[in-house]
Amino acid sequence: MLLLVRSKLQQALMGIKDVNELSFLMCHELRKCPGIVGVAFLHKDANDVMHLDACMSRDDDERSSFAQGCEQMLQSARGNTQGLLHALIHGEFVITDSLAKIADQKENRYFHAMGVRTIVGTPILAESIMFDEAANTLGALCLMLDRRRNLPREWLEVMAELGALASFGLNIIEWGHEKADLMRQLRDMAMTDTLTGAANRRSANDFMEKEYRRSQNENLPLTVIMLDVDKFKNINDTYGHEQGDEVLKVITHIAKSQLRETDLLVRWGGEEFLVVAPNTDADAGLALAETIRCAIEQAPIEGCNGVTVSMGVSQVAAGERIEDALGRADTALYRAKETGRNRSIMAELVATV
């Protein structure tokens, strides 16, 4: 029966998503084996403290008492330099047929009432290295049996393999988390400008398409703001390209600090940025542009003084294509450049010229 459980666990491990699922699965399957009264799965947390992740008794009516006994046994073992759990924590395979060796009278009461006579514990070691004293202990798997017995070598080997399977499951879970983090990082990289950390054009197009549909369907205002660093070529020529890159990073940081969570800052290209501001009309967009412009003008940038930006603001009109609104904002931006720089101009003003 134990061999069948091992085989089933081997097949199920690849789909495990977290430690709770792993511990539940192992306890649920192992408690079905003849002679097993209960199963406990222990696991170390980030602070290297052993906790009871799951425990199941053969009889569901006894689950509460069994859990109490396991928790109290674990509590009494903390700080104790002897006993079953101490040995397990240090990577040793343990068999005991004397409850007095693993718990005091209080815990013995729970286990004895359930008919526990023997406990077999196998450590869960990192890298599936069984019986290696140098291996890091990740947790332990404890089986409570209903009578004292001489366990055959094959049975003990399967128990050791179950510890290795649990270790493998924990590795899969850790790899899954690392993979998820990696996928998130890759998605962020695909949608983010590597130099400044602002969104890139691909990200902006997806965002604008979604917000454009929402604004048109729900009759909500949507404003776009074009931003360009004044005399950026002079900055590069005078201070060097590394300093020019630093200016772009600082401007990104300042602009982001003035935006709402619902807004998006985009590096549109070179020294040009775009702000997409949902649920924002032209007047509010112009006020936002001025707030960003003033914050940049007043910010000290080490190694490069007097950095300013020019800005063009355009609200997307009902039925207007987003590309046309961007074109009007761009026209307003260059109007700001032509009339002295370091200013914000609303696109509608340009349309009347």
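Since every read-out is calculated from the coordinates, none of them should be taken as a lab result. Since the structure is predicted, the reported quantities are computational estimates derived from the model, not experimental observations. Cβ atoms come from the backbone with ideal geometry, glycine included; neighbour counts cover every protein chain shown.
As a proxy for reagent exposure, ranking ASP97, ASP45 by other Cβ atoms within 10 Å from fewest up yields ASP45, ASP97. Approximating the spin labels as points 7 Å out from Cα along Cα→Cβ, the THR238-to-ASN136 distance works out to 5.2 nm. Of the DSSP beta bridges with both residues in region 201-351, give the percent that are antiparallel, rounding to the nearest 5. Bridges in region 201-351 are about 85 percent antiparallel.
With the simple model of a label 7 Å out from the Cα in the direction of the Cβ, ASN47 to LYS231 spans 5.8 nm. By other beta-carbon atoms within 10 Å, ranking TYR212, TYR334 with the fewest at the front produces TYR334, TYR212.
Taking amide hydrogens as placed 1.01 Å from N in the peptide plane, the amide H of LYS44 sits under 5 Å from those of HIS51, GLY139, each at least 5 positions away in sequence or on another chain.
Phi angles of region 257-263 translate, via the Karplus equation with coefficients 6.51, -1.76, 1.60 and θ = phi - 60°, into HN-Hα couplings of 5, 9, 9, 7, 5, 7, 8 Hz per residue; Gly and Pro are given as x. Each listed q (0.12, 0.17 Å⁻¹) maps to a log10 I(q)/I(0) for region 150-256, found by the Debye formula over equal Cα scatterers with no solvent: -0.70, -0.99. Between the beta carbons of THR291 and MET189, assuming R0 = 35 Å, the FRET efficiency works out to 0.75 to the nearest 0.05. Cross-link partners of LYS337 among aspartates and glutamates, defined as those whose alpha carbon lies under 19 angstrom from its own and excluding same-chain residues fewer than eight positions apart: ASP228, ASP230, GLU271, GLU272, GLU290, GLU297, GLU348. Here the residues TRP155, TRP268, TRP175, ranked from fewest to most Cβ neighbours within 10 Å of their Cβ, fall in the order TRP175, TRP155, TRP268. Spin-label model, ARG260 to LYS32: label points 7 Å out along the Cα-to-beta-carbon direction sit 5.5 nm apart. Take every Cα pair under 8 Å whose residues are at least 6 apart in sequence, average their separation, divide by the length of region 252-291, and the relative contact order is 30 percent. Working from Cα pairs under 8 Å separated by at least six residues, relative contact order for region 201-351 is 29 percent.
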